[in-house]
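Q: Quick one: structure below, then a few questions.
The values are calculated or read from the model by the stated rules, or taken from the named source; none is laboratory data. Small disclaimer: the values here were computed from a predicted structure and weren't measured. Positions of Cβ are generated from backbone atoms using ideal geometry, with glycine treated the same way; all protein chains shown enter the neighbour counts. Remember, those area values only see protein heavy atoms, side chains included, never the ligands or the DNA or RNA. Shrake-Rupley method; radii C 1.70, N 1.55, O 1.52, S 1.80 Å.
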Amino acid sequence: MLTRNGLLEAVPEGRRDALAALSHEVTYEAGARIFNEGGPANRFWVIRIGNVTLDVHVPGRRSPVVQSLGPGALLGWSWLIPPHKWHLGATAQTAVQADEYDAAQVRALCADDPVIGQAVALYVAGIIGGRLRGSRQRLLDLYGPYGSGVDL
């Protein structure tokens, strides 16, 4: 049975099985560090159960949380864009169950099947845009003299 999530839903129905076949289930305990900013982005996840926080390194300060992700969310997009290094860090806020994908395998599938490749690229581009907006807003709230001016 396919796990229904935004990534799989973005791929045309007849091609979802090829992408789903590249995943396997993983779990993380609450508090586990999943990846660090600047580390190799060689895999990614779709969260099934639990919550993950994304943070950004700020020299001389504790890394502020810029976003929280829950069930159905894509965890990680840096795997798609060279140089394949994480742009943020991630920690399991609660116990997490997720589908993990090997980035090299998914990139190879995307190269072999341009329909899947375009669907994945457009989906990830939308995620990147949303994360950048959310990160900017959160950083303004934390460090701007008047915050972002947006109520969360």
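Conditions tested, residue by residue: (1) buried (at least 20 other Cβ atoms within 10 Å of the Cβ); (2) in contact with a Lys or Arg (Cβ under 7 Å, 6 or more places away or on another chain); (3) assigned to a helix (DSSP H, G or I).
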residue	(1), (2), (3)
W79	yes, yes, no
H87	no, no, no
E100	no, yes, no
V106	yes, no, yes
A119	yes, no, yes
L140	no, no, yes
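Q: Looking at region 59-77, which of the residues that are farther than 17 Å from R33 by Cα and at pLDDT below 90 is most open to solvent (accessible area, probe 1.4 Å)?
A: R61
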